[in-house]
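Below is one structure, written out as structure tokens, with a few remarks after it.
The values are calculated or read from the model by the stated rules, or taken from the named source; none is laboratory data. Computed from a prediction, not measured in an experiment: that's the story for all the values here. Here the Cβ is made from the backbone with ideal geometry for all residues, glycine too, and neighbour counts use every protein chain on show. Protein only, heavy atoms only, side chains kept; ligands, DNA and RNA dropped before computing areas. Shrake-Rupley method; radii C 1.70, N 1.55, O 1.52, S 1.80 Å.
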Amino acid sequence: MQARFEGSPVPSAWVRVHADGRIQVREANAAFTCVLGVPKVAAAGAHLDELLLGPGKQMTAADFVGADHRFTLADGRAVWLRSSLSSLGAPLVPNGSNPWILVCEDVTAARTSEEMLRRQTFRDPLTGLPNRAMF
């Protein structure tokens, strides 16, 4: 199972969700660290909000899971992430003891395409000003 986790192309991490709702990464696969742009050793033990938002900023599991969020990573890249949590049969109670798996999907390309289509639909291609469809 460990080899499958490590070799998976899906960005995944074993995490703990603490009572305050913060997500702490226990172990991450290579795809997860690649999407976040951090070394594997930096991800292990770190809180997810620190990796995504920087030091001093907090984000709970309720804020992060179930919706698309845009983050500017430490290396300057902007990414859109969609995430889900699975407790693997354990009760869905944040207490820090149950291991959960966090799966993140990089939806940056889809979001960029949507924005481009929206811009082409509602803006003049020459001037960039709002067109009739926008009004």
Of the residues in the stretch 2-24, those that are within 19 Å of TRP80 (Cα to Cα), open to solvent by less than 70 Å² (accessible area, probe 1.4 Å) and without any contact (Cβ under 8 Å) to a residue 60 or more places away in the chain come to none
Pair list, Cβ under 9 Å, 6 or more apart: the stretch 26-54 residue more than 20 Å from ARG77 (Cα to Cα) and in contact (Cβ under 8 Å) with a residue 40 or more places away in the chain, other residue assigned to a loop (DSSP other than H, G, I, E, B) and among the small types (Gly, Ala, Ser): ARG26/ALA44; ARG26/GLY45
In this structure, does PHE71 turn out to be in contact (Cβ under 8 Å) with a residue 40 or more places away in the chain and closer than 15 Å to ASP106 by Cα? no
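Does the stretch 57-65 contain at least one residue that is touching a residue at least 60 places away in the same chain (Cβ under 8 Å) and surrounded by fewer than 17 Cβ atoms within 10 Å (Cβ to Cβ)?
Step one: filter the stretch 57-65 for residues touching a residue at least 60 places away in the same chain (Cβ under 8 Å), giving none.
No; the residues of the stretch 57-65 include none that is touching a residue at least 60 places away in the same chain (Cβ under 8 Å) and surrounded by fewer than 17 Cβ atoms within 10 Å (Cβ to Cβ).
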Give the number of residues within the stretch 85-112 that are open to solvent by less than 60 Å² (accessible area, probe 1.4 Å), modelled with pLDDT of 85 or more and among the small types (Gly, Ala, Ser). 1
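Quick check, is THR72 surrounded by 11 or more Cβ atoms within 10 Å (Cβ to Cβ) and either acidic (Asp, Glu) or more than 22 Å from ALA19 (Cα to Cα) (or both)? Walk me through it before giving the result.
On the way: surrounded by 11 or more Cβ atoms within 10 Å (Cβ to Cβ): yes; either acidic (Asp, Glu) or more than 22 Å from ALA19 (Cα to Cα) (or both): yes.
Yes: the conditions hold for THR72.
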